[in-house]
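Participant: Below: one structure in structure tokens.
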Amino acid sequence: MTDRHDRPSSDYLNAPDTLVVVRPAASGPDDLFVAISSTGLVTAFNGHVDLGTGIRTALAQIVAEDLDVAFDHVRMVLGSTAATPDQGATIASETIQIAARPLRFAAATARHYLVGLAAQRLGLTPDDVTVQDGIVRPKAVSNRSVSYADLIAGPTIRLELDLGAPLKPASHYRIVGQAQPRVDIPAKATGAWTYVHDVRVPGMLHGRVVRPPYAGFDTGAHVGTSFIAVDEASVANIPGLVAVVVIGDFVGVVAAREENAILAMRQLRVTWQPAPDIPDLNAPEAALRANPSTARQLTNQGDVDRGLAGAAEAMNRTYVWPYQMHGSIGPSCAVADWHESGLTVWSGTQNPFPMRADLAKLLDMPEERIVVARLEAAGCYGRNCADDVTADAALLSRAVRRPVRVQLTREQEHLWEPKGAAQVIDVRGGLDLEGGPAAYDFETRYPSNLAPTLPLILTGKVPPVADVLQMGDRTAIPPYAYGNLRVTVHDMPPIARASWFRGVSAMPNSFAHESFIDELATAAAVDPIEYRLRYLRDSRAVDLVRAVAERAQWLPHTKPQTLGGEGDILYGRGFAYAVYVHGTFPGTAAAWAAWVADVAVNKVTGDVALTRVVCGQDTGQIINPDGVTHQIHGNIIQSTSRVLKEQVSFSSTAVSSQEWGAYPILTFPDVPDIDVLLMPRPDEPPLGAGESASVPSAAAIANAIFDATGIRFRELPLTPERIRAALNPLPPPAPPATAAQSGWRHWFPFAALAGLGALIVTAMPFRPSIAPIERPRANVFSAETIERGRLAAAIGACNVCHVGHDGVAFAGGRALDTPFGAVYATNITPDPAAGIGAWSYPAFARAMREGVSRDGHHLYPAHPYTSFAKSSETDIQALYAFLMAQPASPSRAPETTLRFPFNMRPLMAGWNALFLSSASALADISRSPEWRRGAELVEGLGHCSACHSDRNALGAERKGGAHLTGGVADGWHAPSLSTSRFAPVGWTAEAFYDYLRTGRSAEHGAAAGPMARVIESMNALPDADIRAMATYLASLNESAPSVSEASAAAARAIAAGVAASRPADLAMPVAARLFTGACASCHAETMTLTSLALTTSLHADRPDNVILAILQGVDAPTSSQAAIHATAASDVPVSAGMPSFRNTLDDQSLADLAIYLRARFAPDKAPWTGVNEAIARSRAASP
Amino acid sequence: MLTAAAKFRIRVNGRIHDVYAAPRTPLLYILRNDLKLNGPKFGCGLGECGACAVLIGNRSVRSCTIALSAVRDRAVTTLEGLGNSDAPHPVQAAFIANNAAQCGYCLNGMIIATVALLASHPHPTETEIRNALRYHLCRCGTHIEILAAVRSAAAWSAEAGQAGDGAVDDRATSHDPHEAAS
Ligand code: FES
Ligand code: FES
């Protein structure tokens, strides 16, 4: 069990043999900052939490330094409401700069006390002693010493926090300022760390939430009021389901096992009001301008209007920042344990104390009865300011009175995380006659970002009314001394749900400031850094800018494109500088940061590679240089990703990016070289380092692209298509225009019904019933017969269709869709009432061969008796024995009720007269025994033709030329077995063998859909039978290639796919990114899976199989390792399956992806038509 | 399709476990909930991010995409099976030495992918390293430290002169029937 609890502060406050440093609280227990035990172990408390930035280590360094103890004697407790002081939300890089201050003084308070006491013991004054690692010694040479531990004994020593306690001068530091390995990484690297995701408490259940359709939006009258109904019967079959919980628009499910909670979440049918339309946020400028706002002037100096009027040339610019995601890698998770007397939550919140207040409101429970234990979550960068899942877990735990763990799905995390807000900035300015800035009129629009904890809104506890807050002003004041300066912030309510995101409004504001001054410099024909320095007054900023320019070996230049290029590549270099100002205006400055960015721009594709960044930062005093460097690296990589790639997509009603393909982030191949320069300022106060290095990113990169191309970009992200459109405003190559000739054959085009009536006269519609018998006892059949029957059932794949709902073998009930309606597979277990227990062998054989049930009614040809008619008597007998030896299941399959006239079972008699030929056909003695065995299996029990042959208007397999040339099963196209039609590589006997044995062939890929189940069923067959089938199947194809011809064809197809990838990427950049993010982790050319270029379904004339595979996923056939080793496909990865993307991709993305896949992997084929119709069909076939 | 739970015998970190679950249950949930292993993490459940990676044999696979029934007799190794903080696997040691984590949620996948890379490419080039980690997502931007860790792990394994240093021992040794699903 992993039940992590920090001990409450009360455990320390009155503990004997303990020294505590406290701040008396107005009410309730004292705030505890430091506790030292008589063993010398120091526990220090801080109300902020570690968001993955390493403050646990840095805070321990501060405590160890000012207390003068060894670093590894200090343990930090962070952000637990039961243990730490309330220091508010962990935001704005404030922990070291602000929240650590009382801690530092608490350490100094304790040191002052302990050193004084020790000196007394030594008979000296405090000035005459030194202390190191908690041991106090006389300064004079002596072997006497007293340790802190020696001084702590007896009743609790309680010291009050003294904010005047003497701090050590920086020159005496031994721990602060030194690189300190992170304390948490050894456990994290070995799986021993407990994240909030890893909390397990006894009796814990698993919950999942079902969110309303207005994904990503939390204001408006529909919020909290859109729920209509829930159909609990839709999840009645979920094993271990404990509850379905509905409170307003909050819907959740709880189950004993996690995978079953997930199943229930997916399966639960909830009816909602449709979500209302939202403004178009994909191009957010118009929506932000239209959003009602209040203008707030931050400053107005000089005479801006006159300055503007006097400008040589007006430069009016608009900068647009999109909605972006925090994109935490670990979806939100929490565990809650509600009981009558109180609530404990294990939470990844950034704000434990505000979270406690939210829970109190949500549950009508006093705050004192709630404990928020904070555990580390995945990095969240501001997202967990609204840690919705903690409240979700609390609601579900209260409903079931058991501890409940809830984790959001990836899709829910993407949809519902409160986003980083979009922003629009207008700058009006220009040059005066001397080339100086004539005026700077800056207006910024930023929707507020204080999303409430979602369940408060969904349950109606808090009205869904948007607060307007003053948040757009971060670094809104430019750092340059513009004589005529006006800065206005338009405060406005949120549009999409939003929370703080690294750099908040300072990052877009600085994008505008630093892009604009770059433009001024170019217009004035002055080097961009030189121009900035003319107007930069802050001496630390000036030092930083100069240092970074020098480190980067900046070459002054007055116009773009001085770095040239090679081939299609243009090189450029850009600069930007910013100080991150946070908090209520005028705010507090965190670290200063400056970037020199080097880019390589491909002028044909528009791809921008950020190749190198030199980043300087003035953080004041540095606690842990490694930690600060890592924060800078992290900020550079994350902000580069945001600038080059990131933008949330929206449908007309909700957020639509639901996974990493739709919202790509920077990955390893694109990581730039980074050179970090830390300004040495040991005597200055430490400044927040968690966000500053992000702030200059956008302008530095955009300025570098300008340097490379001569074009200014003022709207993010800087995607290849945006760059290409500006560089090379030609439309991308149009895909070839000819549409594929549809060769798709439907079942039953309903042409030939007329003939059916006439037949009834000649055929015998009613067949006699065969008398029921006692269920035969299992011991009447020999073990050999039963074994042979087991193989017959395997080759017949009986259980693929006859499987019970809950997986019980042969229990029946599965619906097989036919154009006439659903045919339900029957129970074929030996239950006398529900199954075939009362069937004699003759009744069974008649059903198998003639399609007539024991009671005389005709079976529908979904039961492939036309094939079984060709199998041997011995096999049918053995199958009978095997089925009779199975456990009986009493479950009754639903009645099949088809549409008229197909509901007229007697008509099937006429059908049989037409299509059933019972001759045991396959006795061509000129063929080898292997071939004949293969024929018997394929054409008889194997009934391959039932799916792989087209059917005529009456549902009969077409014969002659159509035999085994392709059909349909469960909506999937079952490809031709006799012509290699569509397959880019012909099928060899070897490929057939690999495929049938393992579900994969190196030259064709993996079985999907119903075929995967068939292959699983055939696992039981001996190798010889599989080889026989392969031999027979290969012989059907007259033009079957040799092995070497096949591999040459495969190489050609793969090469064609590789060649087509660039044009496909250029023509369909969004789909290309979707492929990279969602598919390429398995399907990239570098992966060991068979290339998609060899997949028949991508070469087929209809997209159905491709779409079905994406929607339903592909279950890996569970062939044994031994079987895989025996085949040419032995290098395929272990049996990874493909997940279902049914709930992850919307129809538009699916269509884009299908079209892209076709263009990229089957470039010689015409684009598909009817993709949208195929999606509708496939969705219908994928319940 | 919902299928009933059944007993499966799997081999994880050198031990045999009997678990009782539906055959299509992703291996990830079995490892985390039944075997109480915290190394593999849920990140997407879609095979996109790599947070759930485990080794099967010496190959890195995404346990969210592997059905319990597909595991069969293959040896599964998780982050815990590589080493512990007292005796870390060389790749774990390299990640620790290079401070290669911020939040560390992605770390499992990064380490597993590196072990698999070094097993197949004992002397990887920079491009091979970046490609091996390409479909492992890190949002904290720890890439620089991770790359440094992989390079030093590669150097160590080259120094040790045995490519197999990165490989894992996948022999199942003990069988504890009490480890069955609870
Ligand atoms: S959780 Fe398995 S790849 Fe993301
Ligand atoms: S370290 Fe946080 S996701 Fe990689």
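The values are calculated or read from the model by the stated rules, or taken from the named source; none is laboratory data. Note that this is a predicted model, so its numbers are computed, not measured. Cβ coordinates were reconstructed from backbone atoms using ideal geometry, including for glycine residues, and neighbour counts include every protein chain displayed. When the accessible area is computed, the model is the full protein with side chains, heavy atoms only, and any ligands, DNA or RNA have been set aside. Shrake-Rupley method; radii C 1.70, N 1.55, O 1.52, S 1.80 Å.
Participant: Being at the interface with another protein chain (Cβ under 10 Å from one of its Cβ atoms) and in contact (Cβ under 8 Å) with a residue 60 or more places away in the chain is true for just one of B:43, B:47. Which residue is that?
Facilitator: B:43
Participant: Further, regarding this structure: Run down B:119, B:149, B:113 and say which single residue is away from ligand 2 (no atom under 16 Å from the Cβ) and modelled with pLDDT of 60 or more.
Facilitator: B:119
Participant: Could you list, ordered by first residue, the pairs with Cβ atoms under 8 Å in which the first is in the range A:399-413 and closer than 17 Å to residue A:1146 by Cβ and the second is β-branched (Val, Ile, Thr) and open to solvent by less than 20 Å² (accessible area, probe 1.4 Å), at least 6 apart or interchain?
Facilitator: Pairs that qualify, where the first residue is closer than 17 Å to residue A:1146 by Cβ and the partner is β-branched (Val, Ile, Thr) and open to solvent by less than 20 Å² (accessible area, probe 1.4 Å), are A:409/A:262; A:410/A:1144; A:411/A:1144; A:412/A:209.
Participant: (1) without any contact (Cβ under 8 Å) to a residue 12 or more places away in the chain; (2) under 27 Å from residue B:41 (Cα atoms); (3) more than 14 Å from every other protein chain (Cβ to nearest Cβ): which one isn't true of residue A:172, the others all being true?
Facilitator: For residue A:172, the failing item is (2).
Participant: Based on what the data block shows, is residue A:825 more than 25 Å from residue A:968 (Cβ to Cβ) and either surrounded by 20 or more Cβ atoms within 10 Å (Cβ to Cβ) or in contact with a Pro (Cβ under 6 Å, 6 or more places away or on another chain) (or both)?
Facilitator: When the stated conditions are applied, residue A:825 does not pass them.
Participant: Here is a check on your reading of the model: is residue A:527 in contact (Cβ under 8 Å) with a residue 12 or more places away in the chain and open to solvent by less than 30 Å² (accessible area, probe 1.4 Å)?
Facilitator: It is true that residue A:527 is in contact (Cβ under 8 Å) with a residue 12 or more places away in the chain and open to solvent by less than 30 Å² (accessible area, probe 1.4 Å).
Participant: Go through A:101, A:56, A:23 for me and flag whichever is within 30 Å of residue A:580 (Cβ to Cβ), open to solvent by 10 Å² or more (accessible area, probe 1.4 Å), within 14 Å of chain B (Cβ to nearest Cβ) and among the charged types (D, E, K, R).
Facilitator: Within the list A:101, A:56, A:23, the selection yields A:56.
Participant: Name the one entry in A:537, A:497, A:532 that is among the basic types (Lys, Arg), crowded, with 24+ Cβ neighbours inside 10 Å and within 21 Å of residue A:592 (Cβ to Cβ).
Facilitator: Testing whether each residue is among the basic types (Lys, Arg), crowded, with 24+ Cβ neighbours inside 10 Å and within 21 Å of residue A:592 (Cβ to Cβ) leaves just A:532.
Participant: Continuing with this model, one more query. Just to verify a result, which residue in the range B:24-40, among those that are in contact (Cβ under 8 Å) with a residue 60 or more places away in the chain and under 21 Å from residue B:104 (Cβ atoms), is nearest to ligand 1 (Cβ to nearest atom)?
Facilitator: Out of the qualifying residues, it is B:40.
Participant: Going by the structure shown, is residue B:14 surrounded by 23 or more Cβ atoms within 10 Å (Cβ to Cβ) and at positive phi?
Facilitator: For residue B:14, the condition - surrounded by 23 or more Cβ atoms within 10 Å (Cβ to Cβ) and at positive phi - is not met.
Per-residue answers, yes or no, for (1) more than 14 Å from chain B (Cβ to nearest Cβ); (2) assigned to a loop (DSSP other than H, G, I, E, B):
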position	(1), (2)
A:549	yes, no
A:559	yes, yes
A:581	yes, no
A:595	yes, no
A:626	no, no
A:633	no, no
A:643	no, no
A:648	yes, yes
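Participant: If we scan the range B:128-137, do we find a residue that is within 16 Å of ligand 2 (Cβ to nearest atom), of a type in the set (D, E, K, R) and open to solvent by less than 20 Å² (accessible area, probe 1.4 Å)?
Facilitator: no
Participant: Does residue A:36 satisfy the criteria of being buried (at least 19 other Cβ atoms within 10 Å of the Cβ) and in contact with a Leu (Cβ under 6 Å, 6 or more places away or on another chain)? Even if it seems obvious, please write down each step before you answer.
Facilitator: Values: buried (at least 19 other Cβ atoms within 10 Å of the Cβ): yes; in contact with a Leu (Cβ under 6 Å, 6 or more places away or on another chain): yes.
Taking the combined requirement at face value, the residue satisfies it.
Participant: Out of (1) more than 16 Å from ligand 1 (Cβ to nearest atom); (2) modelled with pLDDT under 95, the odd one out for residue A:397 is which?
Facilitator: (2)
Participant: For the range B:50-61, enumerate the residues that are within 16 Å of ligand 2 (Cβ to nearest atom), of a type outside the set (Gly, Ala, Ser) and within 9 Å of another protein chain (Cβ to nearest Cβ).
Facilitator: Residues satisfying the conditions do not exist here.
Participant: While we're here: Going through the range B:65-81 one residue at a time, which ones are within 7 Å of another protein chain (Cβ to nearest Cβ), over 22 Å from residue A:187 (Cβ atoms) and not hydroxyl-bearing (Ser, Thr, Tyr)?
Facilitator: Correct list: B:66, B:67, B:70, B:72, B:73, B:74.
Participant: Could I ask something else about it? Take residue A:817 and decide whether it is in a loop (DSSP other than H, G, I, E, B), open to solvent by 10 Å² or more (accessible area, probe 1.4 Å) and of a type in the set (D, E, K, R).
Facilitator: Answer is no for this residue.
Participant: Does residue A:788 qualify as being open to solvent by 60 Å² or more (accessible area, probe 1.4 Å), of a type in the set (D, E, K, R) and at pLDDT below 85?
Facilitator: no
Participant: If you don't mind, there's one more thing I want to ask. Quick one: which residue in A:889, A:871 is assigned to a loop (DSSP other than H, G, I, E, B), modelled with pLDDT of 70 or more, farther than 30 Å from residue A:1026 by Cα and open to solvent by less than 40 Å² (accessible area, probe 1.4 Å)?
Facilitator: Step by step, each of A:889, A:871 is checked, and only A:889 is assigned to a loop (DSSP other than H, G, I, E, B), modelled with pLDDT of 70 or more, farther than 30 Å from residue A:1026 by Cα and open to solvent by less than 40 Å² (accessible area, probe 1.4 Å).
Participant: So if I check each of A:324, A:350, which one is within 14 Å of chain B (Cβ to nearest Cβ) and more than 16 Å from ligand 2 (Cβ to nearest atom)?
Facilitator: Sole residue among the options that is within 14 Å of chain B (Cβ to nearest Cβ) and more than 16 Å from ligand 2 (Cβ to nearest atom): A:324.
Participant: Sort out for me the helices (runs of 4 or more DSSP H) sitting completely within the range A:993-1099 that have 1 or more residues that are within 30 Å of the chain's Cα centre (by Cα).
Facilitator: A:1009-1017, A:1043-1067, A:1069-1074, A:1080-1083, A:1096-1099
Participant: Now for a different question. Inspect all residues belonging to the range A:59-67 and state whether any of them is out of contact with any His (no Cβ under 7 Å at 6 or more places or on another chain) and open to solvent by 10 Å² or more (accessible area, probe 1.4 Å).
Facilitator: There is no residue in the range A:59-67 that is out of contact with any His (no Cβ under 7 Å at 6 or more places or on another chain) and open to solvent by 10 Å² or more (accessible area, probe 1.4 Å).
Participant: Something else: If you take the residues of the range B:134-162 that are farther than 16 Å from residue A:638 by Cβ and within 16 Å of ligand 1 (Cβ to nearest atom), which of them is farthest from the other protein chains (Cβ to nearest Cβ)?
Facilitator: Result: B:134.
Participant: Which members of the range B:82-118 meet the condition of being over 30 Å from residue A:1000 (Cα atoms), in contact with a Gly (Cβ under 9 Å, 6 or more places away or on another chain), more than 7 Å from chain A (Cβ to nearest Cβ) and not small (Gly, Ala, Ser)?
Facilitator: Hits for the range B:82-118 are B:82, B:89, B:90, B:91.
Participant: I've got another one for you. Does the range B:83-110 hold any residues that are of a type in the set (Gly, Ala, Ser), more than 16 Å from ligand 1 (Cβ to nearest atom) and either surrounded by 23 or more Cβ atoms within 10 Å (Cβ to Cβ) or modelled with pLDDT of 95 or more (or both), and which are they?
Facilitator: Matches in the range B:83-110: B:83, B:87, B:93, B:94, B:97, B:100, B:101.
Participant: Which ones in the range A:361-407 are assigned to a loop (DSSP other than H, G, I, E, B), away from ligand 2 (no atom under 16 Å from the Cβ) and open to solvent by less than 10 Å² (accessible area, probe 1.4 Å)?
Facilitator: A:387
Participant: Okay, moving on. Of all residues in the range A:185-235, which are among the acidic types (Asp, Glu) and more than 11 Å from every other protein chain (Cβ to nearest Cβ)?
Facilitator: Scanning the range A:185-235 gives A:218, A:231, A:232.
Participant: Going by what's in this entry, would residue B:119 be described as open to solvent by 20 Å² or more (accessible area, probe 1.4 Å), closer than 27 Å to residue A:629 by Cβ and of a type in the set (A, V, I, L, M, F, W, C)?
Facilitator: no
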